[in-house]
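What follows draws every value from the coordinates through simple rules; no lab data is involved. Keep in mind it's a predicted model, so treat the numbers as computed, not measured. So basically every Cβ, Gly included, is an ideal-geometry build from the backbone, and we count neighbours across all protein chains shown.
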Amino acid sequence: MAEEAILGYLENHEEISDSGEFAAERGIDHAEIVNVVKSLHGFRFVDTQDIKRETWVLTEEGKKYAAEGSPEVQLFLAVPAEGSISKDELQKKLDSGIFKIGCTQAGKNKWVEMGKHISRKVQHVEDKVKDLLLRIQDGKTIDKDDINSLKARKLIVLQTWKGYSVRKGPNYAPKRKKPATDLTRENLQRGDWKELEFKEYNFSAKGPPPECGHLHPLNKVKDRLKDIFRQLNFEEMPTNRYVESSFWNFDALFQPQQHPARDSHDTFFLQVPSTTRQLPEDYVEQVKEVHESGGYGSRGYGYEWKRDEANKNLLRTHTTAISSQMLYALAQHAKVHPFSPKRYFSIDRVFRNEAVDRTHLAEFHQIEGLVCDRGLTLSHLIGILEDFFSRLGMSKLRFKPAYNPYTEPSMEIFSYHEGFGKWVEIGNSGMFRPEMLRPMGFPEDVSVIAWGLSLERPTMILYGIDNIRDLFGHKVDLTLMKRNPLCLIGIR
Ligand code: PHE
């Protein structure tokens, strides 16, 4: 209706000089006129010019008095024409706000005698305040002093009124057809597509952000590490299982059954199923033998090896539990085929029954690499570590002698961290012992060099995260996944 009124009027008239008056004359809400004018202007049906006017409007309090009368008049009317009324009684008759303001104003106007008892001083009063408020409500003007006194009593406020003067625009037409946004089957059937005006495409409209998955920083770093391993010709080991037997996790690695790491304080043992179903019996015998009485130049540990201990299921404490199985399979293969060297790697989750703090969780990810070949020495290990870590951007390495039950010699790996200005431990490494390799069936001249490190450590350094609980676990803020940058290690 507003649109028809505007376009219709402009057909025969030069301009609508004031949208406010135009609306009032036709009994249309001005806000509606404004909306239509804005929309018509957007499509250049009309040209507009802003009009701004300051007008006085009633406050909530002002509106109340315009309807019910001013407090002073309400108070005056509550005082009897003859005699007097006690203050208490008068107070009971009126609203507390009205009573207070009424007393002040009626006293000021000398309409009543104030005191313990209140009586009229005049017989008749006029509600000038209410009349003034009604005039303002009707959009009429009142004089300056009256404005000031109503303003002082906060009964009116100044409001900027915005409207338009409106003329025909370049696309003016007496009627606006709503542009079609879609070409429908019905349009085609009826043939009315010929007459339709289609809405233009808005190529700069922003689409909704696509809902898609995001990679966790650990996955990004993991992918880059896999690239590095593959560049170096390493094959990935199948680590897709968390449960292992103690045998593969510890015994096969020449880790004695009394070793503290095999305690439930450090290892999560499974209740159901609590034991493994099968182990390669011949090999189990070899392992038992080497633990108890040694061989291959070793004295062994000299204790009674128990099968029950080896059968216990656990959540693997290191991915070396997979390495032991892969190496065993390799040695078995070498028994019937010519031995061929192998390079293996894995990156997967491991579990340790540890107290959780800002650098430790009870589960984390381990990166493990190993090379199995004839005639390998410690120099080969140092060489491959330097090659591997330099691809991660760590080319200053130092090695410190260390101990692992399954490697000899063993080395902790340190890297100089430019940011921290110090040497930080980044991993563990060594050459697998003959006590581990020979029972598997490897020939004497085959050795294995290996190393392991956590995935969390380099990820935290790369992404500047200093609390591991901000990286992994139930407290992680999901925006970490949505906002984290690409991982650029390994790209050179
Ligand atoms: N398994 C070792 C650990 O859990 C890492 C390691 C792997 C050490 C291979 C030496 C050789 O820390």
For peptides 241-254, 210-223, sequence by mean Cβ density within 10 Å, most packed first: 241-254, 210-223
Lys178: which lysines have alpha carbons under 21 Å from its alpha carbon, excluding same-chain residues fewer than 8 sequence positions away? Lys38, Lys168, Lys194, Lys199
Counting sequence-distant residues (5 or more places) and residues on other chains, those with an amide H built under 5 Å from that of Glu236 are Phe345
Listed by chain and number, the residues whose amide H is under 5 Å from that of Ile51, excluding neighbours fewer than 5 places away on the same chain and using placed H, are Gly163, Tyr164, Ser165
Spatial separation of Cα centroids for region 189-229 and region 277-355, in angstrom: 50 Å
If you plug each phi of region 199-207 into the Karplus form 6.51 cos²θ - 1.76 cosθ + 1.60 with θ = phi - 60°, what whole-Hz ³J(HN,Hα) values come out, in order, with x for Gly and Pro? 5, 6, 5, 9, 6, 9, 5, 7, x
When the helices in the chain are scored as -39500 (n - 2.57) per DSSP H run of 4 or longer and the sum is shared across all residues, what 222 nm value do you end up with, to the nearest 500 deg cm²/dmol? -10500 deg cm²/dmol
For region 416-492, compute Rg over Rh where Rg is the Cα radius of gyration and Rh is the Kirkwood radius from the inverse mean 1/r over Cα pairs. 1.16
Under the Debye formula (equal points on every Cα, no solvent term), log10 I(q)/I(0) of region 353-392 at q = 0.22, 0.31, 0.36 Å⁻¹: -0.77, -1.08, -1.23
Could you sort 379-387, 344-352 so that the peptide with the highest average Cβ count within 10 Å comes first and the rest follow in order? 344-352, 379-387
Can you divide the C-alpha Rg of the chain by 2.2 N^0.38 Å and report the result to two decimal places? 1.94
Against the empirical 2.2 N^0.38 Å scaling, what ratio does the C-alpha Rg of region 95-234 come to? 2.57
To make sure I understand the rule: partners must be lysines, Cα under 21 Å from the Cα of Lys100, and not fewer than 8 residues away in the same chain. Which ones qualify? Lys63, Lys64, Lys87, Lys92, Lys108, Lys110, Lys116, Lys121, Lys128, Lys130, Lys151, Lys154
With the Cα gyration tensor of region 300-443 in hand, convert its eigenvalues to equivalent ellipsoid semi-axes via √(5λ) and list them largest first in whole Å. 28, 22, 14
